[in-house]
Amino acid sequence: NLWVPKVGCTNCGYSFLNKKSKYDHDKSHTYKEDGGDFEIMYGSGSVKGFFSADDVILADDIVVSQQRFAEIQDAGGLGLAYALGKFDGILGLGFTSISVDNTITVFENAIAQQVVDQPIFAFYLGDNQDGELTFGGYDSSKFEGDLETVKLKSATYWEIVMDGISVGDYKVEPNADGSDVSAIIDSGTSLLVGPRSEIPKLASAVG
């Protein structure tokens, strides 16, 4: 989902530190009322608000018309991570199948409205410099060699089946019972998350 703090939002940052930009639908001539309730749960807690619709500008030449999104009235569930974080809202890049109220995502809408050149987005992580997010393609100057396609296990999160994991002496092979070793490629978290029994071994392997 896409959500942004609205004017008057509670628990939406401090006025003196990492002040949040807030959306004011009264100042938008393309805003349309929706009225549906919105709540999404994260690991730390939930954020709450209501759905609205407006044009979303991803770039000068990429405008997604009448995108359904949430105006957040209370972001208290995110705690200090949000209050101190350098972000205002969240633009989800998972799939509509897991969005709140089955709301079509910004990028799926961009594809449907044919405002992107290709149905591709790409992250460059920056290597200790500013990163980049490209919509509608990728920047071939940011890597060498060829891209390799990996099939999704399901169109929910970006979940893939892995051949295994290998870090130093640490190895995870395909499960003996034939079940998959799967992983989620998640650009929206600052954490590496895994089974409690495995993470200490992985941490030890990387020192």
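The values are calculated or read from the model by the stated rules, or taken from the named source; none is laboratory data. What you see is a predicted model; the values in this text were computed from it and never measured. Cβ coordinates were reconstructed from backbone atoms using ideal geometry, including for glycine residues, and neighbour counts include every protein chain displayed. Side chains are part of the model used for accessible areas, which takes the heavy atoms of the whole protein and leaves out ligands, DNA and RNA. Shrake-Rupley method; radii C 1.70, N 1.55, O 1.52, S 1.80 Å.
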Are there trypsin sites (Lys or Arg not before Pro) in segment 18-113 that DSSP puts in a loop and that have at most 16 other Cβ atoms within 10 Å, and which ones? K19, K86
Quick check on the chain: helices-only [θ] at 222 nm, where DSSP H runs of length 4 and up contribute -39,500 (n - 2.57) each and the sum goes over total residues. Nearest 500, please. -2500 deg cm²/dmol
Rg (one decimal) and Dmax (whole number) from the Cα set of segment 5-116, in Å, equal 14.2, 41
Expected vector for segment 155-160, Karplus 3J(HN,Hα) from phi with 6.51, -1.76, 1.60 and θ = phi - 60°, integer Hz, x for Gly and Pro, equals 8, 10, 7, 7, 9, 10
So for R0 = 25 Å, FRET eff. of V167-Q129 from the Cβ-Cβ r, to 0.05, ends up at 0.50
Just to verify a number: what accessible area does I90 come out at with the full protein assembly present, 1.4 Å probe, Å² rounded to tens? 50 Å²
Per residue of segment 191-207, in order, report the coupling 6.51 cos²θ - 1.76 cosθ + 1.60 (Karplus, θ = phi - 60°) as ³J(HN,Hα) in whole Hz, putting x for Gly and Pro. 10, 9, 10, x, x, 4, 6, 9, 4, x, 5, 5, 4, 5, 5, 9, x
Run the 1.4 Å probe and let me know the accessible area of D180, rounded to the nearest 10 Å². 80 Å²
Binning at 10 Å from 0, report for the chain what percent of all alpha-carbon pair distances ends up in each bin. 7, 26, 34, 23, 9, 1
With a cap of 10 neighbouring Cβ atoms within 10 Å, and only residues DSSP puts in a loop, list the trypsin sites (Lys or Arg not before Pro) found in segment 121-199. K151, R196
Under 13 Å from the Cβ of G35, count the other residues' Cβ atoms, weight Lys and Arg +1, Asp and Glu -1, and hand me the total. -3
With a 1.4 Å probe and all protein chains kept in place, how do M41, M162 rank by accessible area, largest first? M41, M162
Determine the sum of side-chain charges near Y124: Lys and Arg each +1, Asp and Glu each -1, restricted to other residues whose C-beta is under 10 angstrom from that of Y124. -3
Through the Karplus equation 6.51 cos²θ - 1.76 cosθ + 1.60, θ set to phi - 60°, convert the phi angles of segment 25-34 into ³J(HN,Hα) values in whole Hz; use x for Gly and Pro. 5, 5, 9, 10, 7, 9, 5, 9, 5, 10
By its C-alpha gyration tensor, with a ≥ b ≥ c as the square roots of the eigenvalues, how is segment 79-185 shaped: rounded for a/c under 1.5, else prolate for a/b larger than b/c, else oblate? rounded
